[in-house]
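S.K.: Take this structure, written in C-alpha cells, and hold onto it; I'll ask about it next.
The values are calculated or read from the model by the stated rules, or taken from the named source; none is laboratory data. For clarity, every value in this text was computed on a predicted model and none was experimentally measured. A quick note on method: Cβ atoms are made from the backbone with ideal geometry, for glycine too, and the neighbour counts reach across all protein chains shown. Surface areas here come from the heavy atoms of the whole protein model, side chains and all, with no ligands, DNA or RNA. Shrake-Rupley method; radii C 1.70, N 1.55, O 1.52, S 1.80 Å.
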Amino acid sequence: MLKIKVVAVGQLKERFWKDACTEYLKRLRAYANVTVVELPDVSPERAGGERQAVEREGKSVLDALDASEHVILLDIKGKAVSSEDMASALESLTVDGISSVAFVIGGSCGVSDEVRKRANARWSFGRITLPHNLARVVALEQIYRAFRIIRHEPYHK
C-alpha cells in the first residue's frame, strides 16, 4: 500500500478545518497509508524577517522528509495539474516502484530554495492563492479523488 505523507506548515485551529481533514483521512484509509505532519509556522517578526522565517520553516520541512520519499511541492508556480493528472501521476509512481510520497504545503511566506530543490515535482492547484488550512483540505480531497479515479470508482464527476 502506498504511503503518503502531507507535510504542512501551520496549524489547523478551527474545528471545521480539522473535521474536513479528518473526514478525508478516514476515506483514504482504504487506498493508502496517509499521515499528516503539522509543522509550526514561524513569525517573520520573531525570526528577523520573512526570509529568515522561510529558512527556519524550510529546515523543519526538510527534517520531516525521509530520503526515500518522492516529494511533491504544492506551489502556485508549479505545474497546473488536474485531478486526472494527479491520478495518473500517483499510479505511475507506484508502477515505477515508488512506495512513499510526500506532499509539501508551505507557510504563508512560501518555501525555501532548499525545499524547492528537494522536490521531485512542483504542482499547482491553479493560480489562486489558498490559505494553508484550505490548501491542506484541498490536497487531501484531491488525493482521495485521485484514488477513486485510479480505481474507476464513482465520485469525480
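S.K.: Suppose every K and R has +1 on its Cβ and every D and E has -1 on its Cβ; what is the size of the dipole of the chain about the Cα centre, in Debye to the nearest 20?
M.R.: 280
S.K.: Another one. In the stretch 1-102, which trypsin sites (Lys or Arg not before Pro) are in a loop and have at most 11 other Cβ atoms within 10 Å, using DSSP for the loop call? Walk me through the numbers before you get to the answer.
M.R.: On the way: sites: Lys3, Lys5, Lys13, Arg15, Lys18, Lys26, Arg27, Arg29, Arg46, Arg51, Arg56, Lys59, Lys77, Lys79; in loops: Lys13, Arg29.
Here the sparse-neighbourhood loop sites are Lys13, Arg29.
S.K.: Largest first and in whole Å, give the semi-axes of the stretch 19-81's equivalent ellipsoid, each being the square root of 5 times a Cα gyration tensor eigenvalue. Kindly include the intermediate steps, with their values, before the conclusion.
M.R.: Working: eigenvalues 145, 46, 36 Å².
Taking √(5λ) for each eigenvalue gives 27, 15, 13 Å, largest first.
S.K.: Out of residues 5 or more away from Val101 or on other chains, whose amide H comes under 5 Å of its own, with H placed 1.01 Å from N in the peptide plane?
M.R.: Counting only residues 5 or more places away or on other chains, the set is Lys3, Ile4, Lys5, His70.
S.K.: Starting from the stretch 1-94, pick out the GluC sites (Glu not before Pro) whose DSSP state is loop and whose Cβ has at most 16 other Cβ atoms within 10 Å.
M.R.: Within the stretch 1-94, the qualifying GluC sites (Glu not before Pro) (loop, at most 16 other Cβ atoms within 10 Å) are Glu14.
S.K.: Now a separate question. Just to verify a number: FRET efficiency for Ser88 and Asp63, C-beta to C-beta distance, R0 = 25 Å, to 0.05?
M.R.: 0.25
S.K.: Loop only per DSSP, at most 15 neighbouring Cβ atoms within 10 Å: give me the trypsin sites (Lys or Arg not before Pro) in the stretch 85-129, ordered by residue number.
M.R.: Arg127
S.K.: A further question follows. For the stretch 20-36, list residues with backbone N below 17 Å from a point placed 7 Å from the Cα of Ile98 toward its Cβ?
M.R.: The answer is 32-35.
S.K.: Next question, about the same structure. With all protein chains present, how much of the accessible area of the stretch 45-140 (probe radius 1.4 Å) comes from carbon and sulfur, to the nearest whole percent?
M.R.: 48
S.K.: Related question: Taking 0.36 nm per residue of separation and subtracting the Cα-Cα distance, what length does fully extending Arg127 through Glu23 add?
M.R.: 34.8 nm
S.K.: Send over a whole-number figure in Å² for the accessible area per residue of the chain, probe 1.4 Å.
M.R.: 55
S.K.: Given the DSSP H assignment, sum -39500 (n - 2.57) over each helix run of at least 4 residues in the chain and divide by its residue total; what's the result at 222 nm in deg cm²/dmol, nearest 500? Walk me through the numbers before you get to the answer.
M.R.: Numbers: 6 runs with 71 residues, N = 157.
Mean residue ellipticity at 222 nm (helix-derived): -14000 deg cm²/dmol.
S.K.: To test your reading of the geometry: what angle, between 0 and 90 degrees and rounded to tens, separates the Cα axis of helix 132-150 from the longest principal axis of the chain?
M.R.: Helix 132-150 and the main axis of the chain meet at about 20 degrees.
S.K.: Take every Cα pair under 8 Å in the stretch 1-115 that's 6+ residues apart, average their separations, divide by the length, and report that relative contact order as a whole percent.
M.R.: Relative CO of the stretch 1-115 lands at 40 percent.
S.K.: Helix 15-28 versus the longest principal axis of the chain: what is the Cα-based angle in degrees, 0 to 90, to the nearest 10?
M.R.: 40
S.K.: Okay, next question. Work out, step by step, the length gained on full extension between Glu45 and Lys77: first 0.36 nm times the residue separation, then minus their alpha carbon distance; give nm to one decimal.
M.R.: 9.0 nm
S.K.: Can you give the relative contact order of the stretch 52-157 as a percent, counting alpha carbon pairs under 8 Å and 6+ residues apart?
M.R.: The value is 40 percent.
S.K.: Now a separate question. Taking the alpha-carbon distance from Lys59 and a cut-off under 26 Å, which lysines remain once sequence neighbours fewer than 8 residues away in the same chain are dropped?
M.R.: Straight-distance partners of Lys59: Lys3, Lys5, Lys13, Lys18, Lys77, Lys79, Lys117.
S.K.: Quick one: grab Rg to one decimal and Dmax as a whole number for the chain, Cα atoms only, in Å.
M.R.: Reported Rg and Dmax, both Å: 15.2, 50.
S.K.: Residue by residue through the stretch 104-110, what is 3J(HN,Hα) from phi via Karplus (6.51 cos²θ - 1.76 cosθ + 1.60, θ = phi - 60°)? Round to whole Hz and write x for glycine and proline.
M.R.: Going residue by residue, I get 10, 10, x, x, 5, 9, x Hz, with x marking Gly and Pro.
S.K.: What residue among Cys109, Val138, Ala64 has its Cα farthest toward the positive end of the dipole of the chain, where the charges are +1 on Lys, Arg and -1 on Asp, Glu, each on the Cβ?
M.R.: Most positive-ward Cα: Val138.
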